[in-house]
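Heads up: the structure comes next, in structure tokens.
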Amino acid sequence: MSQRTKIKALLQTEDTGFEVTVKGWVRTFRNNQFIALNDGSTNNNLQIVVALDSFDDETLKRITTGAAISVTGEVVPSLGKGQKVEVKAKTLEILGDCDPTTYPIQPKKHSLEFLRDNAHLRFRTNTFGAVFRVRNSLSFAVHQFFQERGFVYLHTPVITASDAEGAGETFRVTTLDPIKPPLTETGEVDFKQDFFGKATNLTVSGQLEGELGAMALSDIYTFGPTFRAENSNTTRHLAEFWMIEPEMAFYNLNDNMDLAEALLKYVIAYALKHNADDIEFLKDRLLEEEKQKPQQDRSELNLLEKLQFCLDNDFERLTYTEAIDILKESNHNKKKKFQYLIEGWGTDLQSEHERYLVEKHFKKPVILTDYPKEIKAFYMRQNDDGKTVRAMDILFPGIGEIVGGSQREERLDKLEQRMNEMGIPTEELWWYLDTRRFGACEHAGFGLGFERLVLFVTGMGNIRDVIPFPRAPKTAEF
Ligand code: 4AD
Ligand code: MG
């Protein structure tokens, strides 16, 4: 193991008078004397003091922003503000030069768009360092939450032959010649000759396989990448995103909501505790960004307050029908301020409606339940009213839908009937239907969009800035 000390650990010590080796990348070099060194372990830089005349000019010239260096020296109390200790350089080695005339990341503020175009280097900025450390913590916290509760982490396939959501927005996986694929007698592409002997695609959700696991292991969760070929160029959609999908036997919708709310609170609390510096930095970044906006568009709470508020309050639970009444009667609707006016019962909510409920009406996270069956997937449990299903969506401030889930239809006849109505092929999903034939029971689950969670916790505004290498329409660089 390398003998170097990570900067995060060093900045936590109060001790001085011992020697360390640190390695990292130069952020700035002031007055030929003070190096701000960052190694990604924390947002805070370590100050390295280079005594005048201790190194030759040739070396000093190579200490440029972005250069990788190794420094050995004594840890001494810092006279400067903001840090307790600094390092007095005894030896300094340039590990990798960085030409300041061509290096894109300068010690100044870059726009997020510019950094998106330079996503291979954006980890080296304060903002993205913080975002990806928070993302890491949230991911770890997700596992910890489920592991503490005895859930089994189940790896569901990335390549499948099903479209779990039945929305037809899948990416095809094939090894057939794209120009001249083999055709059947009737002129269609002959997928029998394809690699898997049938048409396959990248998964849009691991839920259906997750349900198979839950029907034996009781409580499972998946956490993996999912793929959707929806052509939505928004700040909330990716073509490749990570989803957490727990599935629990013997759970009804209320149990499901309780678990989802507990999960969200747990992982947010975890990040607040373990990434205090990063979140503090992101809070200030957001305040700075919001200064550009008109007063009425600024948030009432800063990022820290918003996260804390989420922990301290029960999420508001109400039915879709109740929400439609609120929206229909709202001044916003009456004054035609919605782009899509709420006319009546049955239509899907747009993100503007979700955000109105959360940000203007309830001013806290909201769980909507019992949606019209027409706007939800085939597998949701049908209510006795014949119109609605046991669905739940969790809506978050600034985000809109962050979780989508439901109690599942465990009654074979009802499920088959709904699949037939919706044109979902029952023969192809024979294995899914088998769980309803053999030992079916009440069960439920949900999907948490991981990037939407990271958006919320970091206060970033665009989902492309919370995943290292975003995939979106016309975007697959890096
Ligand atoms: O609501 P969705 O489509 O639900 C499902 O896929 C279910 N199979 C989940 C389940 O019950 N196991 O997606 C779940 C969540 C959404 O609430 C949203 O947070 C996120 O996934 N999501 C996306 N995130 C980023 N980009 C996209 N294109 C997304 N589509 C959905
Ligand atoms: Mg949904």
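Within straight-line reach of K88, meaning a Cα separation under 27 Å, sit the following lysines at least 8 residues removed in sequence or on another chain: K6, K8, K23, K61, K108.
Structural size metrics of the chain, computed from C-alpha coordinates, are Rg and Dmax of 26.5, 85 Å.
Of all DSSP-defined beta bridges confined to region 352-478, some 100% are antiparallel rather than parallel.
Relative to the compact-globule estimate of 2.2 N^0.38 Å, the Cα radius of gyration of region 11-126 comes out at 1.08. Averaging the Cα positions of each part gives two centres, and for region 203-229 and region 61-95 these lie 48 Å apart.
Under 11 Å from the Cβ of S70, count the other residues' Cβ atoms, weight Lys and Arg +1, Asp and Glu -1, and hand me the total. Can you show the working numbers first?
On the way: positive: R4, K23; negative: D39, E93.
Result for the local shell: 0.
Using C-alpha pairs under 8 Å with a sequence gap of at least 6, the mean separation divided by the residue count of the chain gives a relative contact order of 13 percent. A crude spin-label estimate for the pair F478 and F18, with each label 7 Å from Cα along the Cβ direction, gives 3.7 nm.
Each Lys and Arg Cβ is given +1 and each Asp and Glu Cβ -1; about its Cα centre, region 62-143 then shows a dipole of about 320 debye. Dipole of the chain computed with +1 at Lys/Arg Cβ and -1 at Asp/Glu Cβ about the Cα centre; of P157, Q350, A229, farthest Cα towards the positive end is Q350.
Across the options Y340, L287, H143, the greatest Cα extent toward the positive end of the charge dipole of the chain (unit charges at beta carbon of Lys, Arg, Asp, Glu) belongs to L287.
What does DSSP give for the chain in terms of the percent of beta bridges that are antiparallel, rounded to the nearest 5? Could the numbers behind the result be given before it?
Values: 65 of 73 bridges.
Given both bridge residues lie in the chain, the antiparallel proportion sits at roughly 90 percent.
Note that region 224-231 has calculated 3J(HN,Hα) couplings of x, x, 10, 10, 9, 8, 7, 8 Hz, one per residue in order, obtained from phi through the Karplus relation 6.51 cos²θ - 1.76 cosθ + 1.60 (θ = phi - 60°); glycine and proline are x. Given their separation in residues at 0.36 nm each and the Cα-Cα distance between them, E428 and Q33 gain 135.3 nm when the chain is fully extended. Average projection, convex hull of the Cα set of region 216-262: 4.6 square nanometres. Per residue, the average separation of C-alpha pairs within less than 8 Å and at least 6 apart gives region 407-447 a relative contact order of 62 percent.
Could you line up E58, E211 from fewest to most neighbouring Cβ atoms inside 10 Å?
Numbers: E58 8, E211 24.
Exposure proxy ranking, most exposed first: E58, E211.
Taking other C-beta atoms within 10 Å as the exposure proxy, C441, C310, C98 rank C441, C98, C310 from fewest upward. Taken as Cα centroids, region 374-409 and region 266-308 sit 30 Å apart, rounded to the nearest whole angstrom.
The distance from the alpha carbon centre of region 431-478 to that of region 29-53 is 40 Å, rounded to a whole number. Under the convention that each Lys and Arg Cβ holds +1 and each Asp and Glu Cβ holds -1, the size of the dipole of the chain around its Cα centre is about 1440 debye. Taking amide H positions as modeled 1.01 Å from N, with prolines and chain starts lacking one, the residues under 5 Å from V403 and 5 or more places away or on another chain are I394.
What percent does the relative contact order of region 69-122 come to when contacts are Cα pairs within less than 8 Å and at least six residues apart? Before the final figure, lay out each step's value.
Numbers: 48 pairs, mean separation 15.3, N = 54.
It rounds to 28 percent for region 69-122.
Remark: I220, I7 ranked as I7, I220, counting other beta-carbon atoms within 10 Å and listing the fewest first.
Peptide packing for 447-460, 347-360, 27-40 was compared via the average number of neighbouring C-beta atoms within 10 Å per residue; ordered from the highest value, the list is 447-460, 347-360, 27-40. Other residues lying with their Cβ under 12 Å from the Cβ of E209 contribute a combined charge of -3, Lys and Arg counting +1, Asp and Glu -1.
Electrostatic tally near N118: other residues with Cβ closer than 12 Å to its Cβ, Lys and Arg +1, Asp and Glu -1, net 0.
Each reported figure results from applying straightforward, stated rules to the coordinates on display, with no laboratory input. In this text, all values refer to a predicted model and were calculated from it rather than measured experimentally. Every residue, glycine as well, gets a Cβ built from its backbone with ideal geometry; the counts of neighbours run over all protein chains shown.
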